[in-house]
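See structure below.
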Amino acid sequence: VFETLQVWLSGLTILKKSENYRRAFDNFEYTKIATYNQSKIDALLKDAGIILKKLKIRATVSNARAFIEVQKEFGSFSDYIWGFVNGKPIKNSFADYRDAPSKTSLSDTLSKDLKKRGFKFVGSTVVYAHMQATGMVNDHELNCFRYEQV
């Protein structure tokens, strides 16, 4: 949810409102979010504690539904997404984090597949950020103390 909410916005802006989003979106319980109806969406659009972007709110609901469908098909979302890296993290070797890409051909492929499955706001850059955040890709600098751990 946070990755898609950051599209067109600063990550810091979203982080400052994280508790508001947690409250508004039922602690990010995707099974609840998938059941949101128009009345709930209208209430969210009036919630002053979150950034009121109709398309992103609708996308959050449709993404929860698509997430459930992927789980049904693959057994878990983890099995699905990690299948794109054959279950093993990609370990890059950058001396400077600024040399790391913002997207790759793999994130392009994954983005296209997610969109085909009904996910919204999952462009290649958003997907690559997710891959970094979940450890699918290790873009830590070579001299970073976490490089070998990740």
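Points worth noting:
- With protein chains left intact and a 1.4 Å probe, residues in the stretch 71-114 average 65 Å² of accessible area per residue.
- Amide H contacts of residue 50 (H built 1.01 Å from N, in plane; Pro and chain starts excluded): no residue 5 or more places away or on another chain comes under 5 Å.
- Spread over its residues, the convex hull of the C-alpha atoms of the stretch 109-150 is 67 Å³ per residue.
- Dipole size of the chain about its Cα centre, with +1 on Lys/Arg Cβ and -1 on Asp/Glu Cβ: approximately 660 debye, rounded to the nearest 20.
- Across 46/103; 46/88; 40/116; 32/91; 88/112, pairs whose alpha-carbon gap is larger than 32 Å: 46/103; 46/88; 32/91
- Solvent-accessible area, 1.4 Å probe, carbon plus sulfur percent, for the chain: 53
- In sequence order, the stretch 28-39 has phi-based couplings of 6, 6, 4, 5, 6, 4, 5, 9, 4, 9, 4, 4 Hz under the Karplus curve 6.51 cos²θ - 1.76 cosθ + 1.60, θ = phi - 60°, and Gly or Pro positions carry x.
- In the calculated pair-distance distribution of the chain, the portion above 19 angstrom amounts to 58 percent of the Cα-Cα pairs.
- Per DSSP, loop chymotrypsin sites (Phe, Trp or Tyr not before Pro) in the stretch 69-150 with at most 12 further Cβ within 10 Å: 145
- Residue-span extension gain [residue 29 to residue 71] - 0.36 nm each, minus C-alpha spacing: 13.7 nm
- Once the trypsin sites (Lys or Arg not before Pro) in DSSP loops with at most 13 neighbouring Cβ atoms within 10 Å are cut out of the chain, the longest remaining piece is 47-145.
- Top of 52, 110, 44 by mean-square fluctuation, Gaussian network on the chain, Cα under 10 Å: 52
- The loop-placed GluC sites (Glu not before Pro) in the stretch 13-115, going by DSSP, that have at most 15 neighbouring Cβ atoms within 10 Å of their Cβ come out as 29.
- The ratio of the alpha-carbon radius of gyration of the stretch 61-150 to the globular-protein estimate 2.2 N^0.38 Å is 1.15.
The values are calculated or read from the model by the stated rules, or taken from the named source; none is laboratory data. Computed from a predicted model, the values in this text were never measured in an experiment. Using ideal geometry, Cβ is built from the backbone for each residue, glycine included, and neighbour counts are taken over all protein chains shown. Only protein heavy atoms, including side chains, enter the accessible area calculation; ligands, DNA and RNA are left aside. Shrake-Rupley method; radii C 1.70, N 1.55, O 1.52, S 1.80 Å.
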